[in-house]
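Have a look at the structure below before the remarks.
The values are calculated or read from the model by the stated rules, or taken from the named source; none is laboratory data. Nothing here was measured: the structure is a model prediction, and the numbers come from that model. Glycine gets a Cβ as well: all are built from the backbone with ideal geometry, and neighbour counts include every protein chain shown. Heavy atoms of the whole protein, side chains included, go into the accessibility calculation; ligands, DNA and RNA do not. Shrake-Rupley method; radii C 1.70, N 1.55, O 1.52, S 1.80 Å.
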Amino acid sequence: MRNPLIPKIEAQLQGLPVPVALQLPAGERVGSPSAAVTLSFGDWSSLATMAAGQIGRLAEDFVESRVQLQGRMRDLMEVAARLLPGHPGEQPSSNWWSGMLRRAKSLAAHSQAKDAAQIQFHYDVSDDFYALWLDDRRVYSCAYYRDAGMTLRQAQESKLDHICRKLMLRPGERFLDIGAGWGGLLLWAAEHYDVDATGITLSHNQHAHVNREIERRGLSHRVRMLLCDYRDLQAAQPFDKIASVGMFEHVGRVNMPTYFRRIHELLRPGGLVLNHGITGSAADHDQLGAGMGDFIEKYIFPGGELLHVSHVLHEMALAGLEMLDTENLRPHYARTLWAWSDALEERLDEARRVLESTASAPGAAERILRAYRLYLAGSAMSFEHNWISLHQMLASRPSGSTQDGPMTGAQSAYPFNRGYMYR
């Protein structure tokens with residue numbers, strides 16, 4: 001007897017924008033004879049997952065080798081977007097109980113020890129692996145395609161400079177980069193804007209890499225990279241400017257008040273701070289639906305939480321920071337992620353060898369590689385469809401004096417005119 005799932009699956013395949021074929025557990029093949037994407041299923045449960053539109057669970061089946069894939073990631077994501085039963089970024093039903101559960105989950109996930117372990121889980125996979133598909137500065141955040149013809153490297157340099165311009169960095173200023181990654185922004189600010197720069201990270205790999213770069217570039221007298229939690233950072237004097245890029249996604253909803261209060265404490269009165277990070281598409285949003293958020297939590301970013309930009313700005317305001325400028329770069333991140341995805345797809349065999357050289361258990365390298373293939377392409381799709389977003393938020397710690405700044409009442413260096421960002 002033919003499995004009753006098959007007619008439902010065949011109907012789904014007919015409406016897809018890319019020709020797809022399925023190899024079923026019993027050996028039968030259905031779908032297009034000239035398929036751009038072929039999925040091979042080892043058991044019927046994975047097929048039922050696909051039929052239900054649970055894309056995140058289907059992704060897990062691929063990572064765990066219960067499903068095999070042939071075809072381009074770009075084609076696969078076109079298919080995935082059409083299989084979803086609804087908008088995975090839509091606001092869920094919200095009541096006091098769901099709010100309490102969300103807060104309890106956030107609280108449980110974000111002790112200092114857990115935050116450190118979660119950062120190391122992701123960023124300490126392998127420096128050589130990341131180097132295969134990032135630009136040569138290893139900038140691991142949304143690029144800024146100021147001009148349509150830019151390469152990834154040019155767009156990342158454009159982003160670094162865009163942030164420095166927004167912050168109005170000046171020679172000799174004390175600059176802090178919270179969550180400094182592999183040092184792209186830290187070193188750019190030091191070399192192009194002559195600041196005294198401090199970066200912090202919880203990643204052992206990143207800490208070691210950036211300190212080697214600081215020494216190699218002869219910047220030890222005014223640049224330092226610390227292995228340090230933002231809650232523990234001690235500064236002899238406040239910073240003039242602060243940036244935090246791709247960081248607050250890891251902070252957690254429950255720690256947002258602490259995070260922004262700490263920034264306020266570290267920033268001098270009249271100073272500027274720029275927060276750059278992924279945000280949710282719905283006002284009461286913390287992860288993608290259809291199992292996609294669960295997949296990211298398990299394989300990529302444990303402890304990650306997505307907050308709507310309005311929630312982030314609310315927390316900034318409660319901490320005493322004044323929002324000055326907010327910019328949405330969502331399509332820029334889609335293009336960035338596709339550039340990373342394409343680069344990884346071109347070097348799969350090399351990536352597999354790199355991961356196998358550091359794998360902690362049999363099969364771990366292949367699982368990591370499969371997870372990242374889906375993570376990069378799936379994230380690109382999510383930004384394109386506005387299921388998640390990316391915002392840069394420029395704020396100040398008002399000085400309290402109406403005479404400070406370029407205009408009466410400015411209370412910071414910000415000119416209350418965007419023109420300076422683009423000259």
Unmet criterion (only one of (1) touching an Asp or Glu at 6+ places or on another chain (Cβ under 6 Å); (2) assigned to a helix (DSSP H, G or I)) for residue 157: (1)
Checklist (1) among the small types (Gly, Ala, Ser); (2) in contact with a helix residue (DSSP H, G or I) (Cβ under 7 Å, 6 or more places away or on another chain); (3) open to solvent by less than 50 Å² (accessible area, probe 1.4 Å); (4) more than 18 Å from residue 160 (Cβ to Cβ) applied to residue 220, failing item: (3)
Counted residues, region 323-361 - those being open to solvent by 20 Å² or more (accessible area, probe 1.4 Å) and touching an Asp or Glu at 6+ places or on another chain (Cβ under 6 Å): 1
Single condition residue 388 does not satisfy, out of (1) within 26 Å of residue 326 (Cα to Cα); (2) among the aliphatic types (A, V, I, L, M); (3) without any contact (Cβ under 8 Å) to a residue 60 or more places away in the chain; (4) open to solvent by less than 50 Å² (accessible area, probe 1.4 Å): (3)
In region 250-287, residue nearest to residue 144 (Cα to Cα) [restricted to those that are touching a Phe, Trp or Tyr at 6+ places or on another chain (Cβ under 7 Å) and open to solvent by less than 30 Å² (accessible area, probe 1.4 Å)]: 277
Subset of region 248-282 (residues that are among the charged types (D, E, K, R) and more than 22 Å from residue 166 (Cβ to Cβ)): 253, 261
Test for residue 364: is it open to solvent by less than 40 Å² (accessible area, probe 1.4 Å) and in contact with a helix residue (DSSP H, G or I) (Cβ under 7 Å, 6 or more places away or on another chain): no
Single condition residue 360 does not satisfy, out of (1) assigned to a helix (DSSP H, G or I); (2) without any contact (Cβ under 8 Å) to a residue 40 or more places away in the chain; (3) more than 28 Å from residue 144 (Cα to Cα): (1)
Candidate set: region 223-243, residues that are surrounded by fewer than 24 Cβ atoms within 10 Å (Cβ to Cβ) and small (Gly, Ala, Ser); chosen: the one nearest to residue 311 (Cα to Cα): 235
Output for region 198-217, where each listed residue is among the polar types (S, T, N, Q), within 20 Å of residue 258 (Cβ to Cβ) and either touching a Cys at 6+ places or on another chain (Cβ under 9 Å) or open to solvent by 40 Å² or more (accessible area, probe 1.4 Å) (or both): 201
Checklist (1) open to solvent by 10 Å² or more (accessible area, probe 1.4 Å); (2) in contact (Cβ under 8 Å) with a residue 60 or more places away in the chain; (3) out of contact with any strand residue (DSSP E or B) (no Cβ under 6 Å at 6 or more places or on another chain) applied to residue 173, failing item: (3)
Condition check for residue 320: in contact (Cβ under 8 Å) with a residue 40 or more places away in the chain, touching a strand residue (DSSP E or B) at 6+ places or on another chain (Cβ under 7 Å) and open to solvent by 20 Å² or more (accessible area, probe 1.4 Å): no
Counted residues, region 364-381 - those being more than 19 Å from the chain's Cα centre (by Cα) and in contact (Cβ under 8 Å) with a residue 60 or more places away in the chain: 2
Residue pairs meeting the criteria (Cβ under 8 Å; at least 6 apart or on separate chains; first in contact (Cβ under 8 Å) with a residue 60 or more places away in the chain and farther than 10 Å from residue 373 by Cα, in region 332-348; second surrounded by fewer than 19 Cβ atoms within 10 Å (Cβ to Cβ) and not hydroxyl-bearing (Ser, Thr, Tyr)): 338/74; 343/132; 347/132
Single unsatisfied condition, residue 373 versus (1) open to solvent by 30 Å² or more (accessible area, probe 1.4 Å); (2) closer than 21 Å to residue 180 by Cα; (3) among the charged types (D, E, K, R): (2)
Pairs with Cβ under 6 Å, 6+ apart, first in region 407-421 and closer than 15 Å to residue 164 by Cβ, second charged (D, E, K, R): 421/165; 421/166
Residues within region 231-283 that are closer than 15 Å to residue 186 by Cβ and either aliphatic (A, V, I, L, M) or touching a helix residue (DSSP H, G or I) at 6+ places or on another chain (Cβ under 6 Å) (or both), tallied: 7
Residue list for region 382-405, restricted to those being at pLDDT 95 or above, at negative phi, in a loop (DSSP other than H, G, I, E, B) and not charged (D, E, K, R): 398, 399, 401, 402, 403
